[in-house]
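Structure first, commentary second.
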Amino acid sequence: MNFHQSKAIRGAAIGLFAFSIALPSLAHAATAAPKAPGKAKMNTVVLPSVSAHAGVAPVIGKASGAAPTKLISKDIIVGKGKVAVTSSTVTAQYVVASWKTGVVYQTSWTAQPFTAPLSNLIIGWQQGIPGMKIGGRRLFIIPPALAYGASGVGNIPPNETLIFVVDLLGVK
């Protein structure tokens, strides 16, 4: 499947996002600092849990809190193979879901892995995949500006913050 921002999603691949998985016990919270002294108002963002079973489609839990406005990248499984760089062509399995609803928009696990030059993928992937090693699983939270923006693509609506879980299978 192609992961070009200007093309509709086809086949089993989805956009340019995550191929990572985390276990439910691996939920993490990021908390913003109070805005003013004396005010304990905190915005809590809880990342979705992701199963960490290599070679098996990830199970993604529910995210909560305000959708992040910056790329979040978290290794669920650290790979041991070759490292991806910005000029790499990657082969991966992925699941992409909505931050807001948790609905899975697409998965390559029901078909086959996809292969594409990283430079042809969405900005969220271009920024999040480098440094990942073959055999790894990474969770990405990708804001609309680094994904499909105001236009959306395929069944992904406009201005959607996306959860990607990516398993990196190959790097050239």
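Since every read-out is calculated from the coordinates, none of them should be taken as a lab result. Everything quoted here is computed from the prediction, not taken from an experiment.
Annotations
- Less than 5 angstrom separates the built amide H of residue 161 from those of 99, 100, all sequence-distant by 5 or more or on a different chain.
- Residues whose placed amide H lies under 5 Å from that of residue 50, excluding near-sequence neighbours: 22, 23, 26, 61
- For residue 132, distant residues with modelled amide H under 5 Å away: 84
- Extension gain (nm, one decimal) between residue 69 and residue 104, 0.36 nm per residue minus Cα-Cα: 10.6 nm
- Length gained when the stretch residue 123-residue 62 is fully extended (0.36 nm per residue, less Cα-Cα span): 19.6 nm
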